[in-house]
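Inspection log for the structure reproduced underneath, given as structure tokens.
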Amino acid sequence: MDLAMKPEDVAFRDEVRAFLKENLTEDLKAHARLTPGILADQDLRVEWLKRLYKRGWAAPSWPKEYGGAGFTVMQRFIWASECAAAGAPAGSNMGLSMVGPTLMGHGTAEQKAHYLPRILDGTDWWCQGYSEPGSGSDLASLQCRAVSDGDDYIINGTKLWTTGAHQSNKMFCLVRTDPTAKPQEGISFILIDDFPAKGIKIDPIITLAGDHEVNQVFFDDVRVPKKNRVGAENNGWTVAKYLLEFERGGAAHGAALKNALNKLRAMAAQERDGDGQKLIDDPAFRRKLDEVEVEVTSVEFTEHRIMSRLSNGQNPGAAASIIKLKGADTNQKITELGVEAIAYYAQPDVIEARTWGSNTKPVGPDHTLMVMPKYLNTRAQTIFGGSNEVQRNIMAKAVLGL
């Protein structure tokens, strides 16, 4: 794949930079810096999406026929790189990155016509009902039941680690519709429109970093129409695998990692070691930075291959597992080096100082405030979306034929 910048690419890059300069407000950038995980303040997320939607750039990877930007592979790379460099919010929108592509691949014409426009303009925000207590990486063992009742299903059970459930008005959910079938063959993929509806309870789970990103969701006789099923009954595992390829490989990891590495280098230029010299001048620490830079580059080029497949109408395949694993590992290494760089400033836990709108001052220099929260938050990256062990099994089977 030719990654050289052609004149039209340079023109597009300049167009993106002009858009970001005009639309990326100081509030949006400041809040993005104070977000350790993937969820920003909901009002700011909506504001940023609406600005993108007005320009026609809400969904860079979607085809134009569905209202997407229809960017080329190079344009998507430029867009992700410029957004990361400018400090744009990286807030998770599971409608854009997961539900939308899944409906394009498996949804009915009616489902596409109804849901896709509402995803694009921010009317609907989706959360994912996959994991359960005891059914995380072993997702096929899920027990949340959907019993047929005329034109409806009645759902009972619970979902765990549900990111953004407290900020969503829709959920896509895996439910067991045939308890007598083999685990993967008795599951259906359901869209829950009325969320949270009567019979749905959302309990917050506060992470080690002190953030509210994830939740446990309980279903007690929740009625959902069968027309909200995506794909055939008991064929939800096929739909789920298709979606997981976008969850694992659809994000622009490389540009974000490069931006994080650049910030780490800038931090190392300000921090000093025990002898008083700048940390960036320490050969041992500099070697660690260089080693991580090699991994960031490998992530970028793997991501280019994924985008190339997508642009040619193919799904990411096993490459999605590669990028998910390496993206998570590399991000963890960067945050670990961040903690090493700020030394004892990693100890104070001043949650108020990183609360949007707060006047509380951090303990230590400003650049140390988010280092430990981001380190703690990224510990989960090698688990969610399929653990690293699961990704290695997928690659062993699909790539190496083991």
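The values are calculated or read from the model by the stated rules, or taken from the named source; none is laboratory data. These numbers were taken from a predicted model, which means no experiment stands behind them. Ideal geometry is used to build each Cβ from the backbone, glycine not excepted, and the neighbour counts take in all protein chains shown. The area values use the complete protein model at the heavy-atom level, side chains included, leaving out ligands, DNA and RNA. Shrake-Rupley method; radii C 1.70, N 1.55, O 1.52, S 1.80 Å.
With the charge dipole of the chain set up from +1 on Lys and Arg Cβ and -1 on Asp and Glu Cβ about the Cα centre, the Cα lying farthest toward the positive end among the listed residues 28, 73, 200 is that of 73. Could you state the angle between the C-alpha long axis of helix 42-55 and the longest principal axis of the C-alpha atoms of the chain, as a value from 0 to 90 degrees rounded to the nearest 10? Here the helix axis deviates by roughly 90 degrees. According to the calculation over all Cα-Cα pairs in the chain, the P(r) per 20 Å bin from zero is 26, 58, 16, 0 %. Put simply, when 336-342, 320-326, 223-229 are sorted by average Cβ atoms within 10 angstrom per residue, most first, you get 320-326, 336-342, 223-229.
Rounded if a/c is under 1.5, else prolate if a/b is larger than b/c, else oblate: which is region 276-402, with a ≥ b ≥ c the root eigenvalues of its Cα gyration tensor? Prolate.
Based on every Cα atom in region 109-189, Rg and the maximum pairwise Cα distance Dmax equal 14.1, 41 Å.
For an R0 of 45 angstrom, estimate the FRET efficiency from the Cβ-Cβ distance between residue 194 and residue 336 and round to the nearest 0.05.
The value I calculate is 0.60.
How large is the Kirkwood hydrodynamic radius of region 43-136, in angstrom, based on all distinct alpha carbon pairs? Kirkwood radius, region 43-136: 14.2 Å. Mean projected area of the Cα convex hull of region 21-70, taken over all directions, amounts to 3.9 nm².
Where only DSSP H runs of four or more residues are counted, the chain gives -14500 deg cm²/dmol as its mean residue ellipticity at 222 nm, each run worth -39500 (n - 2.57).
If I compute solvent accessible area with a 1.4 Å probe over the protein chains, what percent of it on the chain is carbon and sulfur?
Whole-percent figure for carbon plus sulfur exposure: 51.
Angle of helix 236-249 to the longest C-alpha principal axis of the chain, folded into 0 to 90 degrees and rounded to 10: 10°. Counted residue by residue at 0.36 nm each, then reduced by the alpha carbon distance between them, the extension gain from residue 346 to residue 269 reaches 26.0 nm.
Legend: distances between Cα atoms for 288/326; 278/361; 258/333; 64/324; 182/241; pairs beyond 22 Å are 278/361; 64/324. Rounded to the nearest 0.05, what FRET efficiency do residue 301 and residue 205 give with R0 = 25 Å and r taken as the Cβ-Cβ distance? Could you check? Approximately 0.10, to the nearest 0.05.
Net charge in the neighbourhood of residue 360 (other residues with Cβ under 9 Å of its Cβ; Lys, Arg +1, Asp, Glu -1) is +1.
Sparse packing (at most 14 other Cβ atoms within 10 Å of the Cβ) combined with a DSSP loop state is found for the following chymotrypsin sites (Phe, Trp or Tyr not before Pro) in region 306-402: 356.
The chymotrypsin sites (Phe, Trp or Tyr not before Pro) of region 8-64 include none that meets both criteria, a DSSP state outside H, G, I, E and B (loop) and at most 13 other C-beta atoms within 10 angstrom of the site's C-beta. Note on residue 314 and residue 21: their simple-model spin labels are 3.9 nm apart, each label 7 Å out from Cα toward Cβ. For residue 147 and residue 363, the difference between the fully extended length at 0.36 nm per residue and the C-alpha to C-alpha distance is 72.4 nm.
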